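Student: Dropping the structure in here first, questions after.
Every number in this text was worked out from the coordinates using simple rules, so none of it is lab data. Quick caveat, the model's predicted, so the values are computed rather than measured. We place every Cβ from the backbone using ideal geometry, glycine too, and count neighbours over all the protein chains shown.
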Amino acid sequence: MTYRILFVCLGNICRSPSAEGVLRAKAGARGLDLEIDSAGTGDWHVGEPPYGPMQRAAKARGYDLSALRARQVSPGDFHHFDLILAMDGANMANLAAIRPAGGRADLALFTEYAPETGATEVPDPYYTRDFDGTLDLVEIAADGLIDYLAR
Ligand code: 4NP
């Protein structure tokens, strides 16, 4: 059965679309049956493709994010998805606040799948400008998530 995963960050133009693209590539290579999407808690960039510098850093590692478009997370996502993964604590708090009664999705931090890094959040490269550092962490967490799902 298809397992459904939603990545959530603030703008849905840097961290969560990168996680979506990275996990999709890795899951495809492992033959895992996943539905993968991403969304933002904010609505400023709805309809836009991922941020240019983020797209270029991802492309350099073989991840094409160009077809993705930003959308805002909604309470209904808690009914559709099995697992919702937040990039930082603020995303977690915002998600917890819109979680509907009966919403079945598990909610967790993406960094829980990268315990070896000691990271407690995925830093926002829109502000840090460290797009490669974000991708390093996203790749490690995606590998950890895939190992977990494959077990
Ligand atoms: P993201 O980064 O949450 O990783 O997509 C951001 C991008 C844009 C903004 C905030 C965060 N913004 O406020 O425009």
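Student: Which residues, taken from region 25-58, are of a type in the set (D, E, K, R), under 19 Å from Asp143 (Cα atoms) and not in a helix (DSSP H, G or I)? Break it down into steps so the answer makes sense when it comes.
Tutor: Here is the first cut: in region 25-58, the ones of a type in the set (D, E, K, R) are 26, 30, 33, 35, 37, 43, 48, 56.
Subsequent filtering for residues that are under 19 Å from Asp143 (Cα atoms) retains 26, 30, 33, 35, 37.
Correct list: Asp33, Glu35, Asp37.
Student: Let me ask something else about it. Here's a check for you: in region 1-19, which residue that is assigned to a loop (DSSP other than H, G, I, E, B) and polar (S, T, N, Q) is nearest to Tyr51 (Cα to Cα)?
Tutor: Among those that are assigned to a loop (DSSP other than H, G, I, E, B) and polar (S, T, N, Q), it is Asn12.
Student: What are the residues in region 97-146 that are away from the ligand (no atom under 16 Å from the Cβ), β-branched (Val, Ile, Thr), over 16 Å from the mean Cα position of the chain (by Cα) and more than 25 Å from Phe78 (Cβ to Cβ), if any?
Tutor: Passing the criteria: only Thr117.
Student: Here are some conditions: (1) in contact with a Gly (Cβ under 8 Å, 6 or more places away or on another chain); (2) surrounded by 15 or more Cβ atoms within 10 Å (Cβ to Cβ). Leu107 meets all but one. Which one does it not meet?
Tutor: (1)
Student: Does any residue of region 84-93 turn out to be in contact (Cβ under 8 Å) with a residue 60 or more places away in the chain, in a helix (DSSP H, G or I) and of a type in the set (Gly, Ala, Ser)? Break it down into steps so the answer makes sense when it comes.
Tutor: The initial filter retains those residues of region 84-93 that are in contact (Cβ under 8 Å) with a residue 60 or more places away in the chain, namely 84-88, 90-91.
The next check asks that each one be in a helix (DSSP H, G or I); those that pass are 90-91.
Adding the requirement that they be of a type in the set (Gly, Ala, Ser) leaves 90.
Yes, the conditions are met somewhere in region 84-93.
Student: Looking at (1) within 18 Å of Leu109 (Cα to Cα); (2) of a type in the set (Val, Ile, Thr); (3) within 15 Å of the ligand (Cβ to nearest atom); (4) not in a helix (DSSP H, G or I), find the lone condition where Val22 falls short.
Tutor: (4)
Student: Would you say Leu149 is touching a strand residue (DSSP E or B) at 6+ places or on another chain (Cβ under 7 Å), within 15 Å of the ligand (Cβ to nearest atom) and outside any strand (DSSP E or B)? Steps first, please.
Tutor: On the way: touching a strand residue (DSSP E or B) at 6+ places or on another chain (Cβ under 7 Å): yes; within 15 Å of the ligand (Cβ to nearest atom): no; outside any strand (DSSP E or B): yes.
Spelling it out, it is not the case that Leu149 is touching a strand residue (DSSP E or B) at 6+ places or on another chain (Cβ under 7 Å), within 15 Å of the ligand (Cβ to nearest atom) and outside any strand (DSSP E or B).
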